[in-house]
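Colleague: Got a structure here, written out as structure tokens. Questions coming.
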Amino acid sequence: MIHEANTWFAECLSDHGIFTRYLEDHHPAAMSCLEVRRLDWANVAEEARRKNMRFVSLWAAEAGSHDKKALYAYMAFAHLEHRHVLLRTDLNEKDPSLPDISGHYISSVRMERSLQDMFGIRVEGLPDTRQWLKHEHWPEDVHPMRTTFPVDTRMPPVEDALSAGDLPETGYAFIKAEGDGIYEYPVGPVHAGIIEPGHFRFHAVGEKILNMEERFGYVHKGIEKRFEGLTAVEGARLASRISGDSAVAHAWAFAQTCEYAAYLDVPERAVILRGILCERERIANHIGDIGGVCNDGGFAFMNVQMQRLREEMARMHKDLFGHRLLMDTIIPGGVTCDLNADEQQRLAQQTSAIAREVEELRTIYADHPGIQERVIGSGSVSIEDAISIGLLGYAGRASGVYADERIEEAYPPYDRLDVRAPRGELGDVATRVWVRFEEVAESSRLVLALLKDLPEGSLQTEFIAPEAGTSGFDAIEGWRGEIAAWVRFGENGIIDRYAVRDPSEINWLGLELAVREVPVPDFPLNNKSFNCSYSGNDL
Amino acid sequence: MIRLFTKIIKTGNRTEALGKADHATELLGEQLSSAIRKKFQGSLAIREVDAGSCNGCELEIIAANNCYYDLERFGVHFVPSPRFADMLLVTGPVTRNMETALKMTYEATPGPKLVVAAGDCAINCGVFGKDNYAIAGSVADIIPVDAIIHGCPPTPTDIIRGILQAIET
């Protein structure tokens with residue numbers, strides 16, 4: 001893996017008098033990491049917006065023992081051709097503060113709020129300073145991601161922080177709406193279905209939603225902090241459980257980030273198996289969600305059929321890869337599963353059979369006026385809004401944003417495949433479902449192509465951690481969209497920081513916009529058409 | 001419409017006899033007498049509560065309702081509110097941010113009630129660990145638990161067997 005340093009963005013910045021320094025301890029070189037001055041931070045974001053770059057992520061890390069600086073903030077952008085660029089600036093240890101970039105990239109707000117909560121970094125000019133992951137019962141001066149805060153710190157009991165009879169929601173300043181006939185409608189955190197917890201605050205008139213505000217953090221379980229102190233091999237198990245439905249995608253993002261940092265090449269056979277696993281995960285989740293949308297639209301037949309197909313996939317996954325949800329199949333250095341000739345054939349047969357059945361069911365879905373009336377035109381996100389937010393995955397592809405790392409970055413094994421992503425524009429539930437149908441067909445084609453191309457060879461290379469202080473970054477196109485991950489190793493191959501951005505962190509904003517003017521009873525099918533992860537968002 | 005009906009007929013009945021569990025269920029506590037447990041048989045309403053899971057357990061609970069397992073044939077069904085539930089099926093390590101919501105859901109469930117903790121996280125906080133600032137504890141640390149179902153995640157068969165065992169003993 002030898003890449004040339006990518007100097008494109010550094011040159012753009014220098015044209016505007018913004019000085020950058022290329023950091024040598026970051027891999028791969030093609031995804032350059034540039035150090036900028038803190039006072040240039042927002043100008044860098046402005047220039048990125050001007051160059052039509054997509055905002056990828058924002059995170060912070062304390063400097064390791066090898067470094068005399070105290071605290072760093074990072075942000076990443078992606079350009080269609082020039083790809084990812086990381087930027088870093090160092091913060092004052094005593095009073096860390098960072099300029100706000102949400103004027104250029106609205107999706108940064110929740111990440112900036114997380115920096116305030118978790119690191120105690122003051123974001124200057126942040127339009128929304130409410131706590132995000134730390135609910136009201138958390139002591140204000142506690143910043144769990146700081147190294148002075150051990151992961152096993154016992155927090156004071158929640159009851160002590162709440163006055164009698166107070167609900168945890170009481171202290172949160174939700175957006176207010178006043179006027180004749182406007183009512184407020186709280187939903188969650190415990191939802192009516194078998195889904196994850198989160199809170200939705202609706203303002204509605206009659207049955208139309210005026211505004212819906214999300215409030216998350218309920219499933220915050222200290223995942224990023226938990227990674228610290230693990231070896232790369234130990235971390236893979238945790239990565240598989242960042243969001244259970246993206247077990248492959250998150251494990252792959254984690255493994256590849258570690259491999260980039262360590263300059264480690266993965267055996268060809270393992271790379272192809274990863275592709276097969278990831279595309280199978282994509283198919284399984286899409287068909288499950290198509291069923292879910294139809295179920296929420298009162299079309300139970302489709303849900304029963306789709307859940308049947310999903311179950312058939314899960315059984316084969318258990319049979320061939322050892323886990324129904326494909327957890328623990330990818331580790332840094334390779335994969336933990338293999339396919340013999342007979343198994344390859346079975347997998348190919350089932351993949352084609354499921355693709356055929358999904359096409360058959362698609363014609364039934366398309367001809368069913370009951371469901372079509374519910375999905376067409378419901379919950380539209382305009383192309384303009386989608387670009388502004390930087391929607392990812394199928395949510396983006398339904399609204400004119402076609403970011404797809406499999407095509408743009410074309411990391412192996414996608415470098416040898418011609419991935420064709422569907423391109424929708426209407427941005428409603430129907431289009432998001434259409435994109436998913438298209439992706440099932442495309443992913444099936446990819447699985448079959450990869451199976452044909454499976455070379456002999458080993459499944460793992462031993463993972464040897466890089467020197468302390470080395471970091472790596474990568475982006476994997478999971479079934480929901482781009483997962484961006486950054487890792488830094490400390491002494492003795494121990495991870496001293498893992499920062500991961502699930503696509504949900506960005507796509508949740510799309511749902512808020514989509515459901516404006518939508519009748520309240522259509523909220524569930526809109527929600528399912530996005531199906532963002534709560535666990536991946538809250539970490 | 002004709003294609004829809006043809007598909008239903010062609011698909012046929014896929015429901016299978018309940019298979020062998022992969023993971024064990026353990027019964028704890030003596031909360032309910034067997035006489036009361038018996039009364040739940042044939043009609044059990046469950047409220048599912050995710051108290052912090054990665055959503056893997058939710059996927060498998062949803063799968064327990066698919067046509068292969070058809071949990072409803074045992075008279076067990078999921079309801080949207082704890083107010084009319086007989087059992088809480090709780091997943092995940094209980095996060096600090098979900099602790100109050102879980103307790104309130106428990107309070108809102110009328111007695112006599114059962115609590116089943118499903119999945120390794122619900123039992124011992126799993127990979128996320130009890131020694132974690134963001135986690136309040138296992139389900140049993142927060143509310144009384146009657147049965148636990150092992151697995152990461154437990155399979156649909158494990159889940160159905162666990163639920164049935166909790167009401168049959």
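Values in this text are rule-based calculations from the coordinates and carry no lab data. In this text, all values refer to a predicted model and were calculated from it rather than measured experimentally. Reconstructed Cβ throughout: ideal geometry from the backbone, glycine too, with neighbour counts over all protein chains shown.
Colleague: Using a cut-off of 13 Å between beta-carbons, work out the net charge of the residues near A:Pro524 (Lys and Arg +1, Asp and Glu -1, A:Pro524 not included).
Modeller: On the way: positive: A:Arg374, A:Lys528; negative: A:Asp289, A:Asp296, A:Asp522.
Taking every other residue near A:Pro524 into account, the sum is -1.
Colleague: Given segment A:1-166, what percent of its DSSP beta bridges are antiparallel, to the nearest 5? Intermediate results must be reported in sequence, preceding the final value.
Modeller: Details: 20 of 26 bridges.
In segment A:1-166, DSSP labels about 75 percent of beta bridges as antiparallel.
Colleague: Starting from 0.36 nm per residue, how many nanometres of slack lie between A:Ala30 and A:Glu359 once their C-alpha separation is accounted for? If you can, show how the numbers build up before the last one.
Modeller: Numbers: separation 329, 0.36 × 329 = 118.44 nm, distance 4.02 nm.
Value of the extension gain: 114.4 nm.
Colleague: So, one more: Let me spell out the model: positive unit charges on the Cβ of Lys and Arg, negative unit charges on the Cβ of Asp and Glu, origin at the Cα centre of segment A:1-166. What dipole size does that give, in debye rounded to 20?
Modeller: Details: 19 positive and 27 negative charges, 73 e Å.
Dipole size: approximately 340 debye.
Colleague: Please compute the Kirkwood hydrodynamic radius over segment B:23-168, one decimal place, Å, based on all pairs of different Cα atoms.
Modeller: In segment B:23-168 this quantity evaluates to 14.8 Å.
Colleague: Give me the Kirkwood hydrodynamic radius of segment A:1-166, using the inverse of the mean 1/r over all pairs of distinct Cα atoms, in Å to one decimal. Write down the numbers at each step before the final one.
Modeller: Numbers: mean 1/r = 0.0579 Å⁻¹.
When all Cα pairs of segment A:1-166 are included, the Kirkwood radius is 17.3 Å.
Colleague: Mind giving me the FRET efficiency for A:Thr129 and A:Arg516? R0 is 25 Å, r the Cβ-Cβ distance, nearest 0.05 is fine.
Modeller: Values: r = 24 Å, r/R0 = 0.97.
Between A:Thr129 and A:Arg516 the formula returns 0.55.
Colleague: Provide the percentage of antiparallel DSSP beta bridges, counting only those with both residues in segment B:23-168; round to the nearest 5.
Modeller: On the way: 5 of 21 bridges.
Counting DSSP beta bridges with both partners in segment B:23-168, the antiparallel share is about 25 percent.
Colleague: So how much slack lies between A:Phe19 and A:Ala300, counting 0.36 nm per residue of separation and subtracting their Cα-Cα distance, in nm?
Modeller: Working: separation 281, 0.36 × 281 = 101.16 nm, distance 5.90 nm.
Gain on stretching A:Phe19 to A:Ala300: 95.3 nm.
Colleague: Below 8 Å between Cα atoms, with a sequence gap of 6+, how large is the relative contact order for chain A in percent?
Modeller: Numbers: 1064 pairs, mean separation 92.6, N = 539.
This gives 17 percent for chain A.
Colleague: A further question follows. What are the ³J(HN,Hα) values, in whole Hz, obtained from phi via the Karplus relation 6.51 cos²θ - 1.76 cosθ + 1.60 with θ = phi - 60°, for each residue of segment B:127-134 in sequence order, with x given for Gly and Pro?
Modeller: For segment B:127-134, the Karplus curve yields 5, 7, x, 6, 7, 9, 4, 8 Hz.
Colleague: How far apart, in nanometres, would the label points at A:Thr148 and A:Leu459 be if each is projected 7 angstrom from Cα along the Cα-to-Cβ direction?
Modeller: Each label point is offset 7 Å from its Cα along the Cβ direction, giving 4.7 nm.
Colleague: Once R0 is set to 35 Å, what does the formula 1/(1 + (r/R0)^6) return for the Cβ-Cβ distance between A:Leu210 and A:Ser97, expressed as a FRET efficiency to the nearest 0.05?
Modeller: On the way: r = 35 Å, r/R0 = 1.01.
E between A:Leu210 and A:Ser97, to the nearest 0.05, is 0.50.
Colleague: Name the lysines eligible as straight-distance cross-link partners of B:Lys10: C-alpha to C-alpha under 27 Å, and not fewer than 8 places from it in the same chain.
Modeller: Leaving aside lysines fewer than 8 places away in the same chain, those within reach of B:Lys10 are A:Lys318.
Colleague: With label points built 7 Å along Cα→Cβ from the Cα atoms of A:Arg423 and A:Asn52, find their separation and express it in nm.
Modeller: Roughly 1.2 nm, to one decimal.
Colleague: On to the next question. Pull up the DSSP beta bridges for the protein assembly as shown and report the antiparallel fraction as a percent, rounded to 5.
Modeller: Working: 56 of 80 bridges.
Taking every DSSP beta bridge with both residues in the protein assembly as shown, the antiparallel ones total about 70 percent.
Colleague: Something else about it: Want the number for A:Glu11 to A:Tyr172: 0.36 nm per residue separation, take away the alpha-carbon distance, what's left? Write out the running numbers ahead of the final one.
Modeller: On the way: separation 161, 0.36 × 161 = 57.96 nm, distance 4.39 nm.
Result: 53.6 nm gained on full extension.
Colleague: On each of the three principal axes of the Cα atoms of segment A:179-279, give max minus min coordinate, whole Å, ordered largest first.
Modeller: That works out to 65, 31, 24 Å along the principal axes.
Colleague: Can you tell me the convex hull volume per residue for segment A:393-434, based on C-alpha atoms, in Å³ to the nearest whole number? Before the final figure, lay out the partial values.
Modeller: Working: hull volume 2.3 nm³, N = 42.
Measuring per residue, one finds 55 Å³ for the Cα hull of segment A:393-434.
Colleague: When the Karplus curve 6.51 cos²θ - 1.76 cosθ + 1.60 is applied with θ = phi - 60°, which whole-Hz ³J(HN,Hα) does each residue of segment B:77-92 get, with x for Gly and Pro?
Modeller: 9, 8, 10, x, 9, x, 4, 10, 9, 9, 9, 9, 10, 10, 10, x
Colleague: To continue, here is another question. Which FRET efficiency value, to the nearest 0.05, do you get for B:Ile9 and A:Asp342 by plugging their Cβ-Cβ distance into 1/(1 + (r/R0)^6) with R0 = 30 Å? Don't jump to the answer; show the numbers that get you there.
Modeller: Working: r = 32 Å, r/R0 = 1.08.
So, using R0 = 30 Å, E works out to roughly 0.40.
Colleague: Sticking with this one: How large is the dipole of chain A about the Cα centre if only Lys and Arg carry +1 and Asp and Glu carry -1, each at its Cβ, rounded to the nearest 20 debye? Kindly include the intermediate steps, with their values, before the conclusion.
Modeller: Numbers: 56 positive and 86 negative charges, 83 e Å.
Using Cβ point charges on Lys, Arg, Asp and Glu, chain A gives about 400 debye.
Colleague: Sequence-distant or interchain residues sharing an amide H contact under 5 Å with B:Asp86, placed H: which?
Modeller: HN-HN under 5 Å from B:Asp86: B:Ala45, B:Ile46, B:Arg47.
Colleague: Roughly how many whole Å is it from the C-alpha centroid of segment A:399-417 to that of segment A:335-373?
Modeller: About 22 Å separates the Cα centre of segment A:399-417 from the one of segment A:335-373.
Colleague: With 20 Å bins from zero, work out the P(r) of chain A over every alpha carbon pair and list the percent per bin.
Modeller: Computed distribution, short to long bins: 22, 57, 21, 0.
Colleague: Across peptide B:117-126, how many C-beta atoms of other chains are within 10 Å of each residue C-beta, on average?
Modeller: On the way: counts 0, 0, 1, 0, 2, 0, 0, 0, 1, 4.
Neighbouring Cβ atoms belonging to other protein chains average 1 per residue here.
Colleague: Under the Karplus relation 6.51 cos²θ - 1.76 cosθ + 1.60, θ = phi - 60°, what is the ordered set of whole-Hz ³J(HN,Hα) values for segment A:353-358, x standing for Gly and Pro?
Modeller: With the stated coefficients, segment A:353-358 comes to 4, 5, 4, 4, 5, 5 Hz.
Colleague: Give me the one-decimal nm value for the distance between modelled label points at A:Tyr183 and A:Arg237, 7 Å along each residue's Cα-to-Cβ direction.
Modeller: Taking the simple label geometry, A:Tyr183 and A:Arg237 are separated by 5.0 nm.
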